[in-house]
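Below is one structure, written out as structure tokens, with a few remarks after it.
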Amino acid sequence: MFRLTSLALWMLSSIAIFAFVLQPVGADVQLVVAGLTIAFLFLITRFDRKGPMRYVALATASIIVLRYAYWRTTSTLPPIDDFMSFVPGIVLYLAEMFCMVMFFISVFVVSDPIERKTPALPADEDLPTIDVFVPSYNESAEILSLTLSAAAAMDYPRDKFKVYLLDDGGTEQKRNSTDLEIAEGAIKRGEELKALCADLGVHYLTRALNNHAKAGNLNAGLERTSGDLIAVFDADHAPERAFLRETVGFFGQDPDLFLVQTPHFFANPDPIERNLGTHATMPGENEMFYTMIQKGLDRWNASFFCGSAAVLRREALEEVGGFSGITITEDCETALELHSRGWNSVYVDKPLITGLQPETFTSFIGQRSRWCRGMIQILLLKNPIFKQGLTLAQRISYLSSCFFWMFPFVRATFLVAPLLFILFNLKIFNASAEDFLAYTVTYLAASEILRNYLYGRMRWPWISELYEYVQSVFLVRAIVSVLLNPRKPTFNVTDKGVLLTQRQLSNLAWPFFAIFAGLGLVLAVAIYRYQTEPALGDLILITGAWNILNLVIAGAALGIVTEQPSDVDGISLPLARKAELEVSGQMVPVTIRQMSSNRALIELGKGTATALRSGDYARLVLIDPPADVIIPSIPAFVGKPVNHDQRSYTIELEPEPQHFAAISTLMLSDLDVARAIRSGRQHRRNYVVALFTLMRWAITSPFAAISAGLSSKPEGGRISRRRRQVANAEKTTTIAKAA
């Protein structure tokens, strides 16, 4: 009933669009009417977040957008006989029209997001069997130890699931390589991981050839296993104990269900969050997709596989020949194939895994480049418009996911457009200041109000522009390469596990300095022309203001490419877990507040008189450990106190493989604290506060970037995880001998 009422309101509201959009009115009337409409939109979005008036808000914003589109098409294009202005004018016009198409597609996708409730599981004897795949290429044993031990500890009958490490770094192809270094590394890796799997009670699998990257690795696992369902976790995605209990029940409700996807939740900040210092307060880039867009896609049976943190039905995969590998985004491509065959998907908006994001800006761009190229490949090679078997809603949903990655062209166009008038006097946008205010500014205001209404908890004002700008500088070339040769891109593993020990510039920083300096010079030209050419004052004001906005974003971006040091070593989670610390023959009650596989922050229990001494040998002991934890304690050394009253200490853990069952139990029995922190970050940001924050970044970041560039060498403070492992092993040996 609610949906019918809501749709009726949406339809009735939409009728007003056609009564207003085509009306010829002056700029003064347009400004008044648009202003009143925006005020109405603001009130709706301010006081009715989720009710039926949501559809009225969508229709109201559509009026402003379409009114702008009509005016833009009929009144602002340069004359065709002015060829030098007409061509870039049409390019700018097409970029704006593309944005409007994406506006309406996005509104459709998220118009009615779905919330899923976890269904009950059947009796144990009726539960499906599950094969858990952890594909790996070059990840360290340290990362894999936590993921594999957490996967093996999931709450599900032990005879109903098996965990497999699918090692693509130890294949026969690599072991028999003519490059002795590659061959020796593969042999050594294989032996190390086989021993690790034996210690953790999981199965080690590799294959002959590294064909078709991750998709080929997963398919090789499919061929050698037989479970009813397949759970997939990336090598650095450790699951919560309840993961299978929260997901498997959906398959019993729907025999045509092929996928249950859950969010990717990250323990570490991405480089943008870390370098700007926003991780503790601002939602991460991925949260808009996983908290809103995937739920919107789910409404239309179009939520798709994201490569990890998911469960899939074997029968469905076998129907399409396994995981698809035509493109380098095998996850979305596989979902597209199965949706076109009539299979269904479900999205559960509850973080049930924790993983790692790229630590450096270089690896961040590499990862986004792969996603971008893969989605453009899908658009070209498996276009959802022509894909047989999809519903209209599914076609629109997949187009939304593919078209989104065209934003680098749009962002580049918006960056260059004002320069064409300021520097070359090309009139690519014919409008007076009054018209610009009445149409363009009101359109931008309505779009921003609606965007904040739909996504404001997950994406603060101006942040999307910043994220898109820093990616666009490199992704334009990536898109062009795919357009020229859609089958050329190859799968590249994202580099993770890099510790930054000092502030330094990214090795990708130089284009951002060049753009910032160029925009600064253009601003100087605009000021000069405004003073010397009063007849063009309106156009110079408009393009100058546009250039200033681009300059502010470019200035803030210099803070993003100024890499800040990080002491995060692997997955580190906030906890509130009770444990005991055995030290000097005493059992001291503690609460673990933060923990990784090699470090913990503990807080002594109230009333504890024991004072710990830095360097003392200790053991971190589980309270009431599960039956599958054979060794319920972890060797450690007491670090320094972190406060003056000596109630909190860092504990340096020294685990062997047999201790990871205890570590994963402490860290991943539940993610309630981490989920609460994620939820606490998701709040709306005031427009004015957000603008001042952006301005602060724009002013301070150039100075910080220049300082970092003068004081350090690019890449000079980076330490790979493998080097840290060797150093830690040497440290452990030294301490053990001393003890």
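The values are calculated or read from the model by the stated rules, or taken from the named source; none is laboratory data. Quick caveat, the model's predicted, so the values are computed rather than measured. A quick note on method: Cβ atoms are made from the backbone with ideal geometry, for glycine too, and the neighbour counts reach across all protein chains shown. Protein only, heavy atoms only, side chains kept; ligands, DNA and RNA dropped before computing areas. Shrake-Rupley method; radii C 1.70, N 1.55, O 1.52, S 1.80 Å.
Data for the structure
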| read-out | value |
| --- | --- |
| Cα-based equivalent ellipsoid, the chain: semi-axes from gyration tensor eigenvalues, Å | 47, 31, 26 |
| Residue-normalised accessible area of the stretch 193-247, given per residue in Å² at a 1.4 Å probe | 35 |
| Per-residue HN-Hα couplings for the stretch 403-420 [Karplus 6.51, -1.76, 1.60; θ = phi - 60°; Hz; x = Gly/Pro] | 5, 3, 7, 8, 4, x, 5, 5, 5, 5, 5, 5, 6, 7, 3, x, 5, 5 |
| Rounded D (µm²/s) - the stretch 74-181, Kirkwood Rh over Cα pairs, Stokes-Einstein at 10 °C, 1.306 mPa s | 76 |
| The stretch 170-231: trypsin sites (Lys or Arg not before Pro) in DSSP coil with no more than 14 other Cβ atoms inside 10 Å | 224 |
| Other-chain or far-sequence residues with amide H under 5 Å of residue 353's (modelled H) | 240, 265 |
| Average projected area [Cα convex hull, the stretch 315-406], square nanometres | 7.1 |
| Contact order normalised by residue count of the chain, Cα under 8 Å, 6+ apart, percent | 15 |
| Interchain or long-range residues, amide H under 5 Å from residue 203's placed H | 163, 164, 165 |
| 17 Å tail of the calculated P(r), the stretch 380-485, as % of Cα pairs | 71 |
| 0 to 90° range, to nearest 10: angle between helix 361-381 axis and the chain longest Cα axis | 70 |
| Principal axis dimensions, largest first and in whole angstrom, of the stretch 216-313 by Cα | 47, 31, 26 |
| Coil-residue trypsin sites (Lys or Arg not before Pro) of the stretch 425-530, DSSP, other Cβ within 10 Å capped at 11 | 487 |
| Per-residue HN-Hα couplings for the stretch 347-360 [Karplus 6.51, -1.76, 1.60; θ = phi - 60°; Hz; x = Gly/Pro] | 10, 10, 7, 9, x, 10, 9, 9, x, 10, 9, x, 8, 10 |
| D (Stokes-Einstein, µm²/s), Kirkwood Cα radius, the stretch 545-692, 0.692 mPa s at 37 °C | 183 |
| Amide hydrogen neighbours beyond the local backbone of residue 642, cut-off 5 Å, H modeled | 648, 649, 650 |
| The stretch 59-111 - Rg and Dmax from Cα coordinates, angstrom | 13.3, 43 |
| Accessible-area composition of the stretch 629-690, carbon plus sulfur, in percent [1.4 Å probe] | 56 |
| Rounded to 5, percent antiparallel among DSSP beta bridges of the chain | 70 |
| Nearest-20 debye value, the chain charge dipole, Cβ charges on Lys, Arg, Asp, Glu | 1060 |
| Accessible-area composition of the stretch 368-441, carbon plus sulfur, in percent [1.4 Å probe] | 70 |
| Area projected by the alpha carbon convex hull of the stretch 417-550, averaged over all directions, nm² | 12.6 |
| From phi via Karplus (6.51, -1.76, 1.60), per-residue ³J(HN,Hα) for the stretch 688-699 in Hz, x at Gly/Pro | 5, 4, 5, 5, 5, 5, 4, 5, 4, 4, 5, 7 |
